[in-house]
Amino acid sequence: MKIGIVGLGYVGLPLAVAFAEAGDEVVGLDTDPRKVEGLNAGRSHVEDVPDATLAPLGERLRATANQADLASCEAIVICVPTPLTSSREPDLTYLIESATALAGVLQPDQLVVLESTTYPGTTRERLLPLLEESGLSAGRDFHLAFSPERIDPGRTDYTVRTTPKLVGGLSAACSERARALYSRICDEVVVLSTPEAAELSKLLENIFRSVNIALVNELAQLCDRLGIDVWEVVDAASTKPFGFMRFDPGPGMGGHCLPVDPFYLAFKAREHDFYPEFIELAGKVNQTQPTFCVERIARALNEAGRSVRGSRILLLGVSYKAGVGDTRESPALTIAKRLIGLGGDVSYHDPHVPHLAELGLDSVELAEGLSAADVVAIVTAHPGLKYEQVVAAAPLVVDFRGVTRGIEAKNLIRL
């Protein structure tokens, strides 16, 4: 098959590679000329796709910025960002622009699949009318479906092939075309009755995590007041072999899904005069967690006879999760901005994030950062760091990830 992938980011590029590795010809469309040039030269911009993975694909994977190149594809998968606006409402700008451009080159019998996370009804109510401006009718002249992405950056135990794929088509024929497409690269494809069911399934997956993370983060704040070790409590509850699933507290949520998805569902629910207070509350709790972390750092400094203003604060890890360099919605950014706003002299060490243009900072060498810091905050626990050495070298350490459990030291404070 010849397959088009619109958007070559954390979702689109691994998908394009999977199809190319399966022997298909892949055309990857992206508006960023640097990505297009780099990929065609064999350079990847996504951590999970090393350059060595691109090399054997050769001409089977070609990047382009020309929409017309999609006209010859049998299937087109849309993987563009769907962020939130400043008022925390869905921003479908990239999707609308992509669909409008695609309508200009859409051909009879093509399959179009949306993978971008969004609210129920987007495929039918927003994408379909734009594509039908081509003069073709969805479900009759071309096929349309939704299939949520399930990419987890940095994860190696579940891949594109081994993670079950959900598809929901506009019609039975649309679903079958989508099922046949993904069966080329996925061991299991689960067909749902409608695009709406598939869209909501994706939101449920991430809202489930958001709600449970909010619960344990709120518990961590309560434990701080009660003087109880939240990590001991979580460890103890996790010994129950049924009826409990472990979630750990931390500095807050990040990434392209968890901080966003609850607000997508809340937006859609309000259109139907329904207010998902439980889901919205979880989102609010997780948004306030970085503020609690800033307060905890300030209290730790105060107990050591210092104020935030003028103190040298080293953040260990600024990406949103361990082992990756993705800083989207990372709580570390909020923590850093607020500490800077309080007059703190903030620096960071992160082997996966050499530059933070948003804050005008570069990652410092660990030894240099530790020797200069008044306090070190463990925000993202990247593998490979020796936290015993961190605690030994720093005058004060605040651990928001629980990676120092088992270490006892007077200069160590855990969430």
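The values are calculated or read from the model by the stated rules, or taken from the named source; none is laboratory data. Because the structure is a prediction, the values reported are computed rather than measured. FYI the Cβ positions are ideal-geometry reconstructions off the backbone, even for glycines, and counts take in every protein chain you see. For accessibility, only protein heavy atoms count, side chains too; no ligands or nucleic acids. Shrake-Rupley method; radii C 1.70, N 1.55, O 1.52, S 1.80 Å.
Among the residues of segment 179-193, the ones that are open to solvent by 40 Å² or more (accessible area, probe 1.4 Å) and closer than 18 Å to ILE78 by Cα come to 4 in all.
Candidates are the residues of segment 395-405 that are in contact with an Asp or Glu (Cβ under 9 Å, 6 or more places away or on another chain) and of a type outside the set (Val, Ile, Thr); the one that is most open to solvent (accessible area, probe 1.4 Å) is ARG405. From the list ASP30, ASP24, the lone residue that is charged (D, E, K, R), over 20 Å from SER98 (Cα atoms), open to solvent by less than 30 Å² (accessible area, probe 1.4 Å) and at pLDDT 95 or above is ASP24.
Residues in segment 199-215 include at least one that is within 17 Å of VAL77 (Cα to Cα) and touching a strand residue (DSSP E or B) at 6+ places or on another chain (Cβ under 8 Å).
Taking segment 50-140 and the strands (runs of 3 or more DSSP E) fully enclosed by it, no element has 1 or more residues that are acidic (Asp, Glu), over 28 Å from GLU21 (Cβ atoms) and touching a strand residue (DSSP E or B) at 6+ places or on another chain (Cβ under 8 Å). Taking GLY343, is it open to solvent by 20 Å² or more (accessible area, probe 1.4 Å), modelled with pLDDT of 95 or more and at positive phi? Here the answer is yes, as GLY343 does meet what is asked. Counting only residues that are within 25 Å of the chain's Cα centre (by Cα) and farther than 14 Å from SER319 by Cα, segment 365-384 holds 1 of them.
As for segment 124-142, it holds no residue that is closer than 24 Å to ILE185 by Cα, in contact (Cβ under 8 Å) with a residue 60 or more places away in the chain and either within 28 Å of the chain's Cα centre (by Cα) or surrounded by fewer than 16 Cβ atoms within 10 Å (Cβ to Cβ) (or both). Would you confirm whether any residue within segment 232-247 is within 28 Å of ALA198 (Cβ to Cβ) and at pLDDT below 90? No, that holds for no residue.
Taking the criterion of being outside any helix (DSSP H, G or I) and in contact with a strand residue (DSSP E or B) (Cβ under 6 Å, 6 or more places away or on another chain), the residues of segment 303-337 that qualify are ARG312, ILE313, LEU314, LEU315, LEU316, VAL318. For beta carbons closer than 9 Å, sequence separation of 6+ or different chains, a first residue in segment 232-249 that is surrounded by 10 or more Cβ atoms within 10 Å (Cβ to Cβ) and a second that is among the aromatic types (Phe, Trp, Tyr), the qualifying pairs are VAL234/PHE247; ALA237/PHE244; SER238/PHE244; ASP248/TRP231; PRO249/TRP231; PRO249/PHE400. Scanning segment 257-302 for residues that are open to solvent by 50 Å² or more (accessible area, probe 1.4 Å) and either in a loop (DSSP other than H, G, I, E, B) or hydroxyl-bearing (Ser, Thr, Tyr) (or both) yields HIS272, ASP273, PHE274, TYR275, THR288. Taking the criterion of being assigned to a loop (DSSP other than H, G, I, E, B) and either among the basic types (Lys, Arg) or farther than 27 Å from PRO259 by Cα (or both), the residues of segment 177-235 that qualify are SER183, ARG184, ILE185, CYS186, ASP187, GLU188, SER193, GLY227, ILE228. Any residue at all in segment 96-112 that's within 17 Å of the chain's Cα centre (by Cα) and open to solvent by 10 Å² or more (accessible area, probe 1.4 Å)? No; the residues of segment 96-112 include none that is within 17 Å of the chain's Cα centre (by Cα) and open to solvent by 10 Å² or more (accessible area, probe 1.4 Å).
Inspect all residues belonging to segment 306-314 and state whether any of them is of a type in the set (Lys, Arg), open to solvent by less than 70 Å² (accessible area, probe 1.4 Å) and in contact (Cβ under 8 Å) with a residue 24 or more places away in the chain. No - not one qualifying residue is present in segment 306-314. Which residue is farthest from SER98 (Cα to Cα), if the candidates are limited to segment 55-73 and must be in contact with an Asp or Glu (Cβ under 9 Å, 6 or more places away or on another chain) and open to solvent by less than 40 Å² (accessible area, probe 1.4 Å)? Ranking the candidates gives LEU57 first.
When the residues of segment 146-164 are filtered to those that are open to solvent by 40 Å² or more (accessible area, probe 1.4 Å) and either outside any loop (DSSP other than H, G, I, E, B) or of a type in the set (S, T, N, Q) (or both), the one that is farthest from LEU127 (Cα to Cα) is THR156.
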